[in-house]
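Enquirer: Quick one: the structure is below, and I'll ask about it shortly.
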Amino acid sequence: MVISQQRKFDLENMIKIYLEGYQDGYFGVNDDFIEYASFYHLTNEPVNKIFSEIGLNEVQKALSVLASGDQVFHMISGGVQNIDTFDINRLTEYYALGFKKRAIECLNYYEFMKLFEYYKDWDLERHFGENKDIEKYVIENMEEEYKCFWNEFLYAVKEKGFEASIFHLSCEADLIDRQNTKNNLYMKDESEYIKLQRRLKEVNISYKYCSIMDVPTTFAKYDLIYLSNIMDYYRSFYGNNNRPMDDARNLIKAIYTQNLNPNGEIILTEMQRKFSPNEFLKEMINHPIINNCLFTAYGIKKKRKLK
């Protein structure tokens with residue numbers, strides 16, 4: 001299959017990020033709210049607790065930021081069958097839907113855990129070489145265009161004299177804490193992993209490259225909308241605007257009005273860095289799902305109208 005023009009452009013940027021990382025002595029781009037940045041290896045959010053608090057059994061259709069893909073995989077584990085995803089970082093598609101999803105589908109639990117827990121103990125050395133055969137196996141079993149994409153990336157980097165791994169493009173900060181694996185129900189034990197494998201065969205997942213600013217006019221209505229820590233990047237939305245909180249609140253109100261079904265819920269996480277959640281949500285129906293010094297997650301519920 002001939003790789004598409006957009007994917008060719010994405011590939012060129014991915015190779016550039018990788019080679020710049022080698023030159024500068026680090027891998028990945030730390031600014032998350034750009035078109036080409038490093039992706040998240042595993043979620044650093046306690047999605048297991050968040051979704052256990054709100055329940056997924058009544059969710060018919062969901063919208064989520066793609067990021068590491070773990071929020072989406074958790075929804076699938078809970079029984080959600082129709083999920084639309086979006087992200088402003090194009091590389092998340094190739095990692096979460098191209099590579100990681102396929103890894104879950106074609107590896108057994110122990111192979112997956114070996115591939116995705118590639119730190120030894122608590123040191124910072126990456127041991128990519130030990131799992132290269134597993135990584136290669138996943139790539140060779142991917143959809144043809146994703147397979148072509150990753151093989152082209154690894155070949156181009158090798159031509160520059162480096163032996164690359166897909167994981168070189170991940171955020172280092174998220175890889176240091178091995179507790180991140182405990183955030184994912186499907187990584188808890190083999191039975192949960194097998195359940196996710198089975199349900200992946202039954203779901204519909206879409207991806208669209210766009211910003212949260214595009215959500216109200218781009219997407220339909222949903223029972224659940226998961227906005228993972230997006231509001232932290234409000235300065236990227238509004239630049240030097242003197243009233244960023246008002247504009248951010250209006251954006252969430254627009255999503256609430258235009259994209260949320262009655263009895264649906266919007267989940268906002270990690271708001272405490274830039275906003276006071278109570279101040280931000282004071283005019284809206286909300287409840288804290290998690291609220292402590294380390295992490296916040298708030299739900300905005302849309303009540304059904306009485307007949």
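Since every read-out is calculated from the coordinates, none of them should be taken as a lab result. This is a predicted model, so every value here is computed, not measured. Neighbour counts are summed over all protein chains in view; Cβ atoms, including those assigned to glycine, are modelled from backbone coordinates with ideal geometry.
Enquirer: Strictly over 19 Å apart at the Cα level, which of K101/K201; K132/K182; K16/K160; K114/K182 would you flag in this model?
Expert: From the list (K101/K201; K132/K182; K16/K160; K114/K182), the Cα-Cα distance tops 19 Å for K132/K182.
Enquirer: May I ask you to list the residues of the stretch 77-106 whose amide nitrogen lies under 18 Å from a point 7 Å from Cα along the Cα→beta-carbon direction of T218?
Expert: 83-98
Enquirer: If you stretched the chain out fully between E117 and E190, how much longer would it get, using 0.36 nm times the residue separation minus the C-alpha to C-alpha distance?
Expert: Result: 24.8 nm gained on full extension.
Enquirer: Scan around Y207 for amide H atoms under 5 Å from its own, H built in the peptide plane at 1.01 Å from N, and keep only partners 5 or more places away or cross-chain.
Expert: The list, which skips near neighbours in sequence, is T85.
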